[in-house]
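All remarks here apply to the structure that follows.
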């Protein structure tokens, strides 16, 4: 298993929800927080590291590059603020299309949602 040493800016497999069962277990629990751009679904995890799944439907945008931008914003936020999600499996569902001009507001919303998940 890949153990990050702080020198890489990767999003390794050990931090991802990859299987349908993993997604289903988080969706089934129905614990969530909502914002303007995102819905954050979560469940307590027994693993040492937090894991992330990102869901962006084609209803948000037909263009793949816009959906990919939303995923990049979510993954980058998770990578930089992994400690906020410690002990949780998290799915971020994008509710609205993100334009590049909305990036700062979207990151701020993710910060607020992550604080509600694990108050500091």
Checklist entry - What is the extension gain from residue 111 to residue 81, computed as 0.36 nm multiplied by their sequence separation minus the C-alpha to C-alpha distance, in nm to one decimal? => result 10.0 nm
Checklist outcome for this item: Neighbour-count ranking for 14, 74 (other C-beta within 10 angstrom, fewest to most) reads 14, 74
Checklist entry - Helix 103-117 sits at what angle to the longest principal axis of the chain, using alpha carbons and giving 0 to 90 degrees rounded to 10? => result 40
Checklist entry - Where both partners of a DSSP beta bridge lie in the stretch 13-117, what percent of those bridges are antiparallel, to the nearest 5? => result 60
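With viscosity set to 1.002 mPa s at 20 °C, what whole-number translational diffusion coefficient in µm²/s follows for the stretch 19-79 from Stokes-Einstein and a Kirkwood radius over Cα pairs?
Values: Rh = 13.0 Å.
The estimated diffusion coefficient comes to 165 µm²/s.
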Next on the checklist: Run the numbers for residue 46 and residue 32: contour at 0.36 nm per residue of separation, minus the present Cα-Cα distance, in nm.
Outcome noted: 3.2 nm
Checklist outcome for this item: Heads up, the chain by the C-alpha gyration tensor (a ≥ b ≥ c square roots of eigenvalues; a/c under 1.5 rounded, else a/b over b/c prolate, else oblate) looks rounded
Next on the checklist: Tell me the angle of helix 64-80 to the major Cα principal axis of the chain, expressed in degrees between 0 and 90 and rounded to the nearest ten.
Outcome noted: 40
Next on the checklist: Between 0 and 90 degrees, rounded to the nearest ten: what's the tilt of helix 20-29 against the longest Cα principal axis of the chain?
Outcome noted: 80
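A short reminder: the numbers here are calculations on the coordinates, not readings from a lab. The structure displayed is predicted, hence computed values, not measured ones. FYI the Cβ positions are ideal-geometry reconstructions off the backbone, even for glycines, and counts take in every protein chain you see.
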